[in-house]
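The values are calculated or read from the model by the stated rules, or taken from the named source; none is laboratory data. Remember, it's a predicted structure, so these values are computed and weren't measured experimentally. Here the Cβ positions follow ideal geometry from the backbone for every residue, glycine too, while neighbour counts run over all protein chains shown.
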Amino acid sequence: MDWRSVGLLLAQDEQKPQPFGGSELSAFLPFVAIAVIFYFVLFRPQQREKATRESMLAALKKNDRVVTIGGMLGTIANISSDGQEVTLKVDDNTRIRMIRSSIQRVVSAEGEAEAAAEAK
């Protein structure tokens with residue numbers, strides 16, 4: 001070997017091995033896949049649940065039986081004019097004012113009958 005051939009060999013570009021055997025873009029493919037999985041497993045169901053809850057709170061009306069976040073059962077006796085507060089009738093002489101968002105769910109009469117039938 002003479003010195004010119006050694007110089008030519010050194011001057012040639014070395015080919016770097018590509019990650020995952022492909023382009024640099026394919027290195028980010030697992031991260032994109034993880035982001036898509038997180039969206040469909042975590043964020044999408046949470047958005048649906050939030051929309052369902054907001055529509056339930058918007059549809060509240062007088063005489064609906066509800067359960068609060070704290071687990072109290074009551075009947076809506078009054079809804080304030082701005083719609084932010086509700087008054088729950090818990091017992092014959094007991095009324096409690098609370099924020100509308102503290103209502104967890106509406107209890108239907110059919111749901112109570114089914115729950116009582118299952119308990120027996």
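Quick rundown of the values:
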read-out	value
Sole exception among (1) surrounded by 10 or more Cβ atoms within 10 Å (Cβ to Cβ); (2) over 29 Å from SER108 (Cα atoms) for LEU25, by number	(1)
Some residue of the range 36-51 being closer than 11 Å to ILE103 by Cβ and either in contact (Cβ under 8 Å) with a residue 60 or more places away in the chain or among the acidic types (Asp, Glu) (or both)	no
Checklist (1) touching a helix residue (DSSP H, G or I) at 6+ places or on another chain (Cβ under 7 Å); (2) modelled with pLDDT of 90 or more; (3) of a type outside the set (D, E, K, R) applied to PHE20, failing item	(2)
Candidates GLU14, GLU49 - the one that is within 30 Å of SER80 (Cβ to Cβ), outside the structural domain of VAL106 (by TED's automatic domain parsing) and either within 14 Å of the chain's Cα centre (by Cα) or at pLDDT below 90 (or both)	GLU49
